[in-house]
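> Below is the structure I would like to discuss, written out as structure tokens.
Nothing in this text is a laboratory measurement; each read-out follows from the coordinates by a stated rule. On a predicted model such as this, the values are computed, not experimentally measured, just so you know. Neighbour counts are summed over all protein chains in view; Cβ atoms, including those assigned to glycine, are modelled from backbone coordinates with ideal geometry.
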Amino acid sequence: MEANSTEPIKKCSRCGTVLNDKPKFCPNCGSKILWENKKTEYSMAHNVLKVFFSILPFPVIVIFLGIMFSFIYALFFDNDGIKVTEPKKERTEADIKRDSITTEIAKEARVTFQEIKSFEKEVNGLTVVSISTGNLPLDIFHTLPACNIKLVNAGNSTISWDLLLNCRAVVDDTHISSSTFCEGTPSYNDPISQGQIVNINCSPGIGSLYIPNKQWEKSKIVIEILKEGKSILKLPIKNETIDMTQFLR
């Protein structure tokens, strides 16, 4: 038998027979033959990681892997295990127009855009279409702060009015009137159909907070709308007589 010229000649260590095709046993004497396996080549990254993990104690390795897993999970998944790489919903022309109207209402009412949006969430998603503020004359010396907020059901379905709203007046952040129920609102559980207008009329302080006419010029007067005792909107009141027809439309 002749050995392959491209490989080193292997002989049986016992009888010296030349071996081909890497037999497990010598064909002459039957001795077991041990062949050297070719050394596996690894990438540099593999070798670096092997050294890195070989010099670290096991608890540190566990902590390191835990941190890496948490980072990857937070990067690609939300709390429900759903990928957060969903495409962002594009704003429609109607959304842009509605936000533009809300911005104008906020500017006129001297509140912020976000304050109105937060208020809308508190009133079952109804959309604010107008805010009027001012005072109601009581006599030639005193007036009462008042406001009217109009909302509309801009959704595609009928909803129920399940809110009990109160209001109160605050003067210079110190003098607070007793709270009274907001007027003009639907009765509890009344349906509000698509496109229906809802009024919230506030004239707090009757019997407890009459404001002298001269005080309007130097005081900061605010009406707070309350839901379950929590303030959900603070409206600065203008020093002008409010249009009473706003309460009736």
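> For I211, what residues show an amide H to amide H distance below 5 Å, using hydrogens built from the backbone and excluding near sequence neighbours?
T143
> Can I ask one more? Which value results for Rg/Rh of the stretch 103-249 when Rg is the Cα radius of gyration and Rh the Kirkwood radius based on the inverse mean 1/r?
Across the stretch 103-249, the Cα-based Rg/Rh ratio is 0.96.
> Obtain the nm distance between the two label points defined at C29 and S118 by a simple spin-label model: each point lies 7 Å from its Cα along the Cα-to-C-beta direction.
9.4
> Anything over 30 Å Cα to Cα? Flag those among K121/K220; K117/K214; K121/K214; K121/K218; K97/K214; K97/K218, in the order listed.
Cα-Cα > 30 Å for K117/K214; K121/K214; K121/K218; K97/K214; K97/K218; rest within.
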